[in-house]
Each structure stands twice: as C-alpha cells, then as structure tokens.
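Data first, discussion second: the structure below is written as structure tokens.
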Amino acid sequence: MNILVINGSPKGNNSITLQTLLFLEKLFIEHKFSFLNVGQKIKYYEKNFNEIKEELEKTDVIIFSYPVYTFLVPYQLHRFIELLKENDINIKSKFATQFSTSKHFYDITAHKFIEENCLDLGLKYIRGLSADMEDLMKKKGQEDAVNFFNYLIFCVENNLNIKYRYNSNIKENTIYKRKYANNSKEKDTSKDVLILTNCSNDDESLRNMIEDFKSVFPYKTREINIREYNFHGGCLGCFGCAITGKCVYKDGFDDFLRNEIQTADSIIYAFTIENHYTHSSFKIYDDRQFCNGHRTVTEGMPIGYIISGDYEREYNLHTLIEARSEVGGNFLTHIAYDYNDIYNELSKLSSIMKYAIDNKCTRPKNFYGVGGMKIFRDLIYIMQGLMKEDHKYYKKHNIYDFPQKQRMKMLQMKLVGALISIPSMQKKIKNKMNEYILMPYKKVIDNANMKNIK
C-alpha cells in the first residue's frame, strides 16, 4: 500500500513528530512510504504546487503529520491545506488520517480541524493518533504507534471510515449591507480599543460589519489588518525565543506585538470563516505569538469577535474561541456573526464590551482555562532551565500551584479521614456531613458586606 506522509512541521526531517512515522516505515516494510516536507517548503509549494500533484493522486493513504501549534496545526500546514483546496487535484475517496505530537494542550481542536478539512476534500477519514512528544522513547508509546498503524491498515482494507454530514440547513452566502451611517458624533478616546482583522480587499461583508460596529461603539477604535504585516515566515518551533523572548526572524514582529497590540485596553478580532477557521494570515499571527512563550500577558483584557460566515455550524471553532479566552485569562464579551439579526448582535457586542472595559470584568476560569494552564504549569516547571522567561513569570504570578504545596489542607483531610473511619464518630456525624461542610460558607454569608468586596 502507498502511504504518503504530509509532514507539516517547519523543521522538516528534524521534526519530532516525523520520527514516529520513520519508525513505522522501518517496521512495516510491506508498505511503501513517501514523505513531503510541506511545512519546511511551503513557500516553494505556493509557486510549484503542481510538482506534487502526481504524488498526491497516486497514493492510497495520506497521513497528516504535525506538531500542535497554538490550538491547531502549524501555519505552514494550514497554508498547505488552502493550496490543496485551491488546486484541481483528484484525491477524493482516498483514505486519510493524522498523527500529531504535543503535550496534549488542545490537541483535540487541532485534530478536529484536520478531520473537518479531510471531509471537505472528500477523503475517507480514519481517526488519528495524538501522542506525547516523548512517547516514541517508551515501549508503551512504540506499541501505541504500531497499534495505530495496524488499525489504520485494517480500516483501509475493510473500507471503514468516518461518515459525517453537516446539518443540511446550510446558510446562504449573502453580502452584509451596512445599516448604520458613519457616526459623526465624537468618540470617547480614554480607552485604546483595537480591532485586529485579516479582512481582504474584496471581503465586503466583513468590512461592512466592522464599519457598523465602529459606528455604534462609543469608544474610538484603531484597526490593524494583519494581512498587511510583512512576516518573514511562520513560527519555526526553534525555541530561540524561549530564553530571550526575541524571535529569530528579524521582521520586528515581537516588538510590534508588544507595542501595538498587547498595549490595548481591549481587542476585537474580526475575520471571515475559511476552512473551519479563517485565512492562514491569522494563523501565522497566532503562531508567531510564541515569542511570548506560555505567558498570559494579556490576562484581564476583554475581547470580542466579529465573524463573517456560518459560525453556528462550526462547533470546533466555538471550542477554539472559548478555550483561547479561558487560557489567556481574557473576559470573552460577545461573538457577533452575520445571520438574520446581525445589527442587534453588533449592538450587543458594543454594549457588553463597553461594560466590560468600564467595570474591569473578570470571571474564574472554567475547565478549558484551568486544565490548559495546568499542562503548561507542569511543562514549564520541568523545562525551567530552558524556558527561563516563562519560569520567572510563573513564579511571579504564583502559577506553580502544585497540590503537594497545600500541606495544611492535606493534613486537614487526613484528620477528617481518620475521624470518620472511627465507628463511633460515623454515628455521631451521620446525616450531618453537609452541615459541617457548609459551616465556613455560612460564615462568609453572615459577614457579607459590599464594602469588603470593593
């Protein structure tokens, strides 16, 4: 069987992810493996995509191989998928799967992104494997890789793949027309509100939505179109910025990010949905923010979204947006997207964003934020010798909240456990456990006073 590995890592043959596929190639000699380093050569393939047309069309199975970058695939692989859809290549009904490595930080959204795009391309998708970066060095990880490949071959030989259909009520593409006239009323300039977009010149709907929002929003806004930034390339995953915070590219993006974007009081992201996210011009921006390391440098900043496209059907995008705000510690105000009542939605975004800015709104993190930061907490603690800036930040902001540090709490739980294991105590506290648990909460309620909160 012909197996084509689409290596989306910008590191090419030096990709950690790729090593597992090379390991499988050595074990399964009855299959013919071939490799395309699209991540490393994306600029070349933008101009010479036809060179790989034959290789794509003759293969039996496509494996997308990549490290997870900022909730999704690397920019380079994202761009390759755009090229794959733009070019007339007959790969329908071929089998496809994916293999990724990461520390399992939102590998779920990355895998769903590849799955959705495989189905768009008419590929027969088989569920992929998400591995830890170090799994291949363990016997269990090697066994998992072999089991994954055996399962893949079994599915191909028996024509077993995921069947998936979107909701048939597909929204018609209509151009959003402006409702609000240019607002000549003077705007409040006391806050710096940034609209960050990748709106193309011919994207009339998104442009009109942005302009209508500016009309109803009471604060003066400034706009940055990330398409216009002269990126020298996508993130290389080289960790060159881990110690200094400076990117190896000399295109000034790290300073631009810190001085022009992160200084804002709030950010509104505006984009059109493409290929289940948006155009890759936003993904290169996402990935290059790695010069911040794993630091929540915009924590507490309110954010909102203006989205053109059928957002209701993009469930993975829903997860992605919420997870990003939660991990970053941002207050997600509202997501305005173009459906029947978009005028009202833009007004809602305006009202909620103003309230959030004026009242410095915050909320506790949910599972997306807590779980994500615990992954980074453990990772940075282990790699503190390399990720020095992250380590300083985590120490300063008390992110190293390891449970073993809560010695008093652990001692209390041991004492409670010892007491309730005594039969006489069990009888005494029978049906009163909730009462004991609620005692400290009742004390807080009894002493409730607004002056103590403000």
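The values are calculated or read from the model by the stated rules, or taken from the named source; none is laboratory data. All of these numbers come straight from a predicted model, not from anything done at the bench. Reconstructed Cβ throughout: ideal geometry from the backbone, glycine too, with neighbour counts over all protein chains shown. To get the accessible areas, we keep the full protein, side chains included, count just its heavy atoms, and leave off ligands, DNA and RNA. Shrake-Rupley method; radii C 1.70, N 1.55, O 1.52, S 1.80 Å.
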(message) Let me spell it out: the conditions are (1) farther than 30 Å from residue 380 by Cβ; (2) touching a Pro at 6+ places or on another chain (Cβ under 9 Å), and residue 178 meets all of them except one. Which number is the exception?
(response) (2)
(message) If a residue must be over 20 Å from residue 210 (Cβ atoms) and of a type in the set (Ser, Thr, Tyr), how many such residues does the stretch 326-356 contain?
(response) 1
(request) Would you kindly identify the helices (runs of 4 or more DSSP H) lying entirely within the stretch 180-289 that contain at least 2 residues that are in contact (Cβ under 8 Å) with a residue 12 or more places away in the chain and acidic (Asp, Glu)? (result) 204-216, 280-288
(request) Please state which of the following conditions residue 387 fails to meet, knowing it meets all the rest: (1) surrounded by fewer than 10 Cβ atoms within 10 Å (Cβ to Cβ); (2) touching a residue at least 60 places away in the same chain (Cβ under 8 Å). (result) (1)
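Considering only the stretch 138-162, state which residues are part of a helix (DSSP H, G or I), open to solvent by less than 90 Å² (accessible area, probe 1.4 Å) and among the polar types (S, T, N, Q).
Within the stretch 138-162, 142, 150 qualify.
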(message) So the check is Cβ under 6 Å with 6+ separation or different chains; which pairs have a first residue in the stretch 132-148 that's in contact (Cβ under 8 Å) with a residue 24 or more places away in the chain and a second one that's open to solvent by less than 90 Å² (accessible area, probe 1.4 Å) and not in a helix (DSSP H, G or I)?
(response) 133/101; 148/129
(message) Restricting to the stretch 289-334, give me the number of residues that are open to solvent by less than 10 Å² (accessible area, probe 1.4 Å) and among the aliphatic types (A, V, I, L, M).
(response) 7
(request) Can you tell me which residue within the stretch 339-357, out of those that are under 25 Å from the mean Cα position of the chain (by Cα) and β-branched (Val, Ile, Thr), is least open to solvent (accessible area, probe 1.4 Å)? (result) 357
(message) I'd like to check something: does the stretch 167-181 contain any residue that is small (Gly, Ala, Ser), at pLDDT 90 or above and open to solvent by 70 Å² or more (accessible area, probe 1.4 Å)?
(response) no
(message) It is to be established whether one or more residues within the stretch 7-21 are at pLDDT below 95 and open to solvent by 70 Å² or more (accessible area, probe 1.4 Å).
(response) no
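What number of residues within the stretch 290-318 are assigned to a helix (DSSP H, G or I) and either at pLDDT 95 or above or among the aromatic types (Phe, Trp, Tyr) (or both)?
6
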(request) Kindly state which strands (runs of 3 or more DSSP E) lie completely within the stretch 1-97 and contain at least 1 residues that are under 21 Å from the mean Cα position of the chain (by Cα). (result) 2-7, 61-67
(request) For the stretch 113-137, enumerate the residues that are charged (D, E, K, R), assigned to a helix (DSSP H, G or I) and more than 15 Å from residue 147 (Cβ to Cβ). (result) 115, 116, 120
(message) List the residue pairs whose Cβ atoms are under 6 Å apart, where the first residue sits in the stretch 24-38 and is more than 14 Å from residue 6 (Cα to Cα), the second is assigned to a loop (DSSP other than H, G, I, E, B) and not polar (S, T, N, Q), and the two are 6 or more positions apart or on different chains.
(response) 31/1
